[in-house]
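> Have a look at this one.
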């Protein structure tokens, strides 16, 4: 009995000692601005100050960034620990991060953007918990060293992004052809790109994302020997949304969609129902552009797409 009490007292004593011991500073920390050892010496207050300085620059470029200061970058966030938070709280954080990264995807060429990402990595561990959103945000910038540094922090696991592990090993920015070939091997990657570049009720994809997605689709269609229904199914939402009249920010998307439609008409025998649907949609685009604009470039593109369909059908 005495020995049992003694062991319990010793356990309590040990627990109290552990609780009272100061936490050891990690030797390294994940970072895209500093090397891992330097990052370990920089406290969260400094990282937040760096992020806020970057955010101010971004606000000057795009006013939509202003609201982020009171959300992901508020002072209380310094004390946040995602591992100790519940599911609902983490879901709210994930939604905010997803929205922010979509907005940031149009400005990642600015050093200020990387300053804000540094805080999201340190405080919210987005390289651990928001891998897909982070990858899709930075993928249009695949040819930059910033992309490499971000990818080197990510644990891709067995996800569809595992092919990016090659970037970690080489330390070199991958050419677009690497991504195109992966889209051909894994249609899930192509579908993720197309969905990310398609507008939703809340989001309009940034210009770099739309342009990148268009280029990848065009190259995929050019590389495959046969365009099957699976490919058409994956890219159709991106094409259809690009041809919707009145969609905001649609000029690049519309141009890309018309280009893709022309390629499809030349390279694949589409189902009659889909052909009729695309012809009606493209014709509507041409009609509205003639009504709304004195610049007939969109009308010409739409007309070329219609001619391609007519030749194919005949």
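> Taking the stretch 167-186 on its own, how many of its residues are crowded, with 18+ Cβ neighbours inside 10 Å and in a helix (DSSP H, G or I)?
Going through the stretch 167-186 one residue at a time, the tally reaches 5.
> Another question, then. What is the one condition in (1) closer than 23 Å to residue 230 by Cα; (2) not in a helix (DSSP H, G or I) that residue 192 does not satisfy?
Only one criterion in (1) closer than 23 Å to residue 230 by Cα; (2) not in a helix (DSSP H, G or I) is unmet by residue 192, namely (2).
> Just name the residue that is nearest to the chain's Cα centre (by Cα) out of those in the stretch 93-115 that are buried (at least 16 other Cβ atoms within 10 Å of the Cβ) and in a loop (DSSP other than H, G, I, E, B).
Ranking the qualifying residues of the stretch 93-115, first place goes to 105.
> Any chance you could count how many residues in the stretch 57-92 are touching a residue at least 24 places away in the same chain (Cβ under 8 Å) and part of a helix (DSSP H, G or I)?
So the answer is 11.
> How many residues are outside any loop (DSSP other than H, G, I, E, B) and closer than 19 Å to residue 208 by Cβ if we restrict to the stretch 127-166?
Looking only at that region, the number is 18.
> All but one of (1) farther than 28 Å from residue 41 by Cα; (2) surrounded by fewer than 16 Cβ atoms within 10 Å (Cβ to Cβ); (3) within 16 Å of the chain's Cα centre (by Cα) hold for residue 128; which doesn't?
(1)
> Could you check how many residues of the stretch 240-281 are over 16 Å from residue 227 (Cα atoms) and at pLDDT 65 or above?
14
> Continuing with the same structure: Considering only the stretch 219-239, state which residues are in a helix (DSSP H, G or I), surrounded by fewer than 16 Cβ atoms within 10 Å (Cβ to Cβ) and either more than 19 Å from the chain's Cα centre (by Cα) or outside the structural domain of residue 264 (by TED's automatic domain parsing) (or both).
Residues satisfying the conditions are 222, 223, 229, 230, 233.
> Do we find that residue 82 is under 16 Å from residue 103 (Cα atoms) and in contact with a helix residue (DSSP H, G or I) (Cβ under 7 Å, 6 or more places away or on another chain) in this structure?
Criteria not met by residue 82.
> Now, a different point. Which of (1) in contact with a helix residue (DSSP H, G or I) (Cβ under 6 Å, 6 or more places away or on another chain); (2) over 24 Å from residue 209 (Cα atoms) does residue 70 not meet, given it meets every other one?
(1) is the only condition that residue 70 fails.
> Cβ contacts < 9 Å: first residue at positive phi, restricted to the stretch 128-140; second residue modelled with pLDDT under 95 and outside any helix (DSSP H, G or I), any location; separation 6+ or different chain. Result?
none
The values are calculated or read from the model by the stated rules, or taken from the named source; none is laboratory data. None of these values were measured; they are calculated from a predicted model. Note that each Cβ is placed from the backbone with ideal geometry, even for glycine, and that neighbours are counted across all protein chains shown.
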